[in-house]
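Here's the structure we're looking at; comments come further down.
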Amino acid sequence: EVTIIGIEPFQEALLAAEANVLAQNCHFSVKFIPFLAFVEEFDFELLRDVVSREGGIFIVNESLALHHIQDLANRHRVISSIRELNPASFFLTEPNVDHFEPDFYRRFQNCYNHFYHIFQVVDLLPVTSKEKNGLKLFFGREIEDIIGGNDVERFEKHEPSFRWTEKLNVNGFKTIDKFTGLPLDVGYGINLNFDKRNGCLGFRFKTETVISLIHAVCDN
């Protein structure tokens with residue numbers, strides 16, 4: 001039996017996630033429990049009650065979400081709140097680029113280099129031109145936020161992997177390497193490698209680590 005708890009601020013996305021999860025033909029029972037909330041405003045005591053009631057192994061999966069929290073204090077507070085729930089594992093997936101940078105020129109350089117590589121990956125995907133353009137349009141909106149908005153209005157405030165590792169360490173986690181049996185080449189020019197210095201699995205295209213996946217456990 002698997003219980004999936006979804007925290008999402010937009011109702012339509014939450015409903016779509018629930019439909020997708022429950023539509024899977026699994027050989028075990030699946031339950032989906034939705035919470036409509038911004039994670040930085042979420043009452044984690046509600047999650048504690050659910051985890052206690054459902055029982056079993058508790059794993060947290062953060063995927064491309066925490067960089068939307070605009071200030072560092074709330075990022076730390078969310079990670080600290082997760083640590084208090086004592087998860088068996090915490091998986092954190094984030095773009096490996098510094099768009100939190102306040103200096104416009106440096107942020108522009110970081111943005112150009114990051115999306116220059118991402119667009120090359122998109123061009124290698126086995127999809128139609130319409131689908132490729134759709135992906136580029138999606139990322140184009142992110143670029144507009146990163147370099148077009150002032151600091152208090154921006155939400156695409158990505159941070160490089162070492163800063164997420166630092167936040168995890170400060171708030172009672174330690175990163176580990178349990179990634180085994182991974183292919184060196186997953187196709188479309190993407191190579192996987194574990195970066196021991198930053199404690200993350202990097203999805204690398206040419207010279208750019210585009211996405212990083214960090215596996216952390218409680219540091220007791």
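Derivation of every value follows stated rules applied to the coordinates shown; laboratory data play no part. Model, not experiment: these values are computed from the prediction. Note: ideal-geometry Cβ built from the backbone for every residue, glycine included; neighbour counts use all protein chains shown.
On a full-extension model of 0.36 nm per residue, what is the gain between Thr180 and Asn20, subtracting their alpha-carbon distance, rounded to one decimal in nm?
So the extension gain works out to 54.8 nm.
Highest-first packing order for the peptide set 126-137, 90-101 is 90-101, 126-137, based on the mean count of other beta carbon atoms within 10 Å. Using C-alpha pairs below 8 Å separated by at least 6 residues, the relative contact order for the chain is 21 percent. Classify segment 59-161: rounded, prolate or oblate, from the alpha-carbon gyration tensor (a ≥ b ≥ c, eigenvalue square roots; a/c under 1.5 rounded; otherwise prolate if a/b is larger than b/c)? Cα axes put segment 59-161 in the oblate bin. The shape of segment 50-104 comes out prolate: with a ≥ b ≥ c from the C-alpha gyration tensor, a/c is at least 1.5 and a/b beats b/c. Protection proxy ranking of 151-160, 18-27, by the mean of other Cβ atoms within 10 Å over each peptide's residues and highest first, is 151-160, 18-27. Can you tell me how the chain classifies by the Cα gyration tensor, rounded, prolate or oblate, using a/c under 1.5 as the rounded cut? Verdict is rounded for the chain. Cross-link pairs exceeding 25 Å between alpha carbons, from the set Lys136/Lys174; Lys167/Lys206; Lys157/Lys206; Lys174/Lys206; Lys136/Lys206: Lys136/Lys174; Lys167/Lys206; Lys174/Lys206.
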